[in-house]
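Participant: Have a look at the structure that comes next, please.
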Amino acid sequence: MTEPAAGQRPLPPGLDLLWGRRERGRRGPRPGLSADAIAAAAIRLADAEGLDAVAMARVAAKLGVTTMALYRYVANKDELLQLMWNAAALGAEHLVIEGDGWRSRLRSWAVIQRDMLDLHPWITQMPMAAPPVAPNSLHFVERGLATMDETGLPDASKLQVIGLLSSYTLSEARMAADAMRAVTAAMTAAGNADPGQADPGTDGAAGTDDPPGAVPSYEALLRELVDEQTYPRLYRLAWQPEPENPLSEREQFLLGVDTILDGVQALIDRTAGGY
């Protein structure tokens with residue numbers, strides 16, 4: 001770590017660590033230990049057991065060091081979470097997004113983000129009071145902005161598009177992760193610890209022969225709860241025939257991405273037309 005250069009604004013705790021602007025403490029670093037190693041160990045723990053399992057003591061045990069050794073690098077759990085967030089996007093600066101136009105490239109960017117969230121579902125449980133400004137996060141945002149270089153949109157509009165896509169992607173990933181956690185909990189309670197045997201989209205309406213742990217679909221819950229007089233449109237939706245080939249969760253996600261991109265195209269057209 002290096003001390004902030006003259007004239008640099010002091011960064012909040014955590015960000016100063018990520019950006020290499022934290023002053024060295026009196027105690028030297030422990031040989032063989034680093035902030036990167038700590039973040040990697042915490043991520044392995046979160047991937048295996050969820051975000052609630054991440055604690056300074058457990059991360060230290062995973063690294064074979066004392067908890068106090070971690071505090072030479074990380075002040076508290078909040079800083080550890082920031083390290084994990086940044087490390088989850090490792091390699092973003094080398095990301096190459098290919099496509100035959102802004103739309104296909106931006107779509108690929110959204111899919112890459114969703115894949116990362118599915119790989120590390122604990123990210124959807126992290127507090128997000130402000131936009132991420134860790135180095136790797138900003139590299140990823142930069143790559144997203146670059147997909148729209150040819151659109152003619154103002155930079156501020158491009159950033160709004162990135163924010164909209166990211167919010168949608170995070171929301172969809174969070175719902176999918178929550179559904180899987182619900183399946184896991186239900187299967188465990190039923191004495192079957194294999195969540196792969198239950199489909200989060202299974203129709204689990206009351207009175208059916210669904211296996212223990214099956215999660216009721218939205219339509220199944222509507223059929224159980226709404227009446228035609230009070231909720232005529234929802235009732236019609238609940239009882240319409242099931243499609244022969246229903247969209248998978250990934251297909252539904254991509255449908256939402258494409259809908260947002262339709263809106264981006266309309267924004268590009270309005271900008272080009274001067275209105």
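The values are calculated or read from the model by the stated rules, or taken from the named source; none is laboratory data. Since we're looking at a predicted model, the values are computed, not measured. Cβ placement follows ideal geometry from the backbone for every residue including glycine, while neighbour counts extend to all protein chains displayed.
Participant: What number of residues within the range 234-275 satisfy the criterion of being among the basic types (Lys, Arg) and either within 24 Å of residue 168 (Cβ to Cβ) or touching a His at 6+ places or on another chain (Cβ under 8 Å) (or both)?
Facilitator: 2
Participant: Taking only pairs six or more apart or across chains, which ones have beta-carbon atoms under 6 Å, a first residue in the range 108-119 that is part of a helix (DSSP H, G or I), and a second residue that is surrounded by 20 or more Cβ atoms within 10 Å (Cβ to Cβ) and among the hydroxyl-bearing types (Ser, Thr, Tyr)?
Facilitator: Final answer for the pair search is 109/147; 110/169; 113/169; 114/169.
Residue-wise test of (1) modelled with pLDDT of 90 or more; (2) in the same structural domain as residue 151 (by TED's automatic domain parsing).
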site	(1), (2)
3	no, no
20	no, no
29	no, no
43	yes, no
57	yes, no
71	yes, no
98	no, yes
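Participant: Another question, if that's okay. In the list 83, 117, which residue meets the criterion of being in contact with a helix residue (DSSP H, G or I) (Cβ under 7 Å, 6 or more places away or on another chain), farther than 17 Å from residue 170 by Cβ and buried (at least 19 other Cβ atoms within 10 Å of the Cβ)?
Facilitator: Working: 117 fails: farther than 17 Å from residue 170 by Cβ.
Of 83, 117, the one residue that is in contact with a helix residue (DSSP H, G or I) (Cβ under 7 Å, 6 or more places away or on another chain), farther than 17 Å from residue 170 by Cβ and buried (at least 19 other Cβ atoms within 10 Å of the Cβ) is 83.
Participant: If you don't mind, there's one more thing I want to ask. Looking at the range 120-157 only, could you name the residues that are in a loop (DSSP other than H, G, I, E, B) and either surrounded by fewer than 19 Cβ atoms within 10 Å (Cβ to Cβ) or touching a His at 6+ places or on another chain (Cβ under 6 Å) (or both)? Break it down stepwise before answering.
Facilitator: Filtering the range 120-157 for residues in a loop (DSSP other than H, G, I, E, B) gives 120, 126-134, 147-154.
Of everything in the range 120-157, those that are in a loop (DSSP other than H, G, I, E, B) and either surrounded by fewer than 19 Cβ atoms within 10 Å (Cβ to Cβ) or touching a His at 6+ places or on another chain (Cβ under 6 Å) (or both) turn out to be 126, 127, 128, 129, 130, 131, 132, 133, 149, 150, 152, 154.
Participant: Then there is this: If you go through the range 69-83 one residue at a time, do you hit one that is closer than 30 Å to residue 274 by Cβ and assigned to a helix (DSSP H, G or I)?
Facilitator: Going residue by residue through the range 69-83, those that are closer than 30 Å to residue 274 by Cβ are none.
No, every residue in the range 69-83 fails to be closer than 30 Å to residue 274 by Cβ and assigned to a helix (DSSP H, G or I).
Participant: Just checking, which of 247, 254 is assigned by TED's automatic domain parsing to the domain that holds residue 118, in contact (Cβ under 8 Å) with a residue 60 or more places away in the chain and on the phi < 0 side of the Ramachandran plot? Even if it seems obvious, please write down each step before you answer.
Facilitator: Values: 247 fails: in contact (Cβ under 8 Å) with a residue 60 or more places away in the chain.
Among 247, 254, only 254 is assigned by TED's automatic domain parsing to the domain that holds residue 118, in contact (Cβ under 8 Å) with a residue 60 or more places away in the chain and on the phi < 0 side of the Ramachandran plot.
Participant: In the range 56-80, which residue that is more than 22 Å from residue 22 (Cβ to Cβ) and in contact with a helix residue (DSSP H, G or I) (Cβ under 7 Å, 6 or more places away or on another chain) is surrounded by the fewest Cβ atoms within 10 Å (Cβ to Cβ)?
Facilitator: Selected residue: 57.
Participant: Cβ-Cβ distance below 7 Å, separation of 6 or more or different chains: which pairs start in the range 154-167 with a residue that is assigned by TED's automatic domain parsing to the domain that holds residue 123 and end on one that is assigned to a loop (DSSP other than H, G, I, E, B) and crowded, with 22+ Cβ neighbours inside 10 Å?
Facilitator: Sorted first by the residue in the range 154-167, then by its partner, the pairs are 158/148; 161/148.
Participant: Looking at the range 232-258 only, could you name the residues that are surrounded by 11 or more Cβ atoms within 10 Å (Cβ to Cβ) and polar (S, T, N, Q)?
Facilitator: Matches in the range 232-258: 252 only.
Participant: Moving on. Could you list, in sequence order, all residues of the range 56-83 that are aliphatic (A, V, I, L, M) and in contact with a Lys or Arg (Cβ under 7 Å, 6 or more places away or on another chain)?
Facilitator: So in the range 56-83, the residues aliphatic (A, V, I, L, M) come out as 56-57, 59-61, 63, 65, 68-70, 74-75, 80-81, 83.
Listed by number, the residues that qualify are 56, 65, 69.
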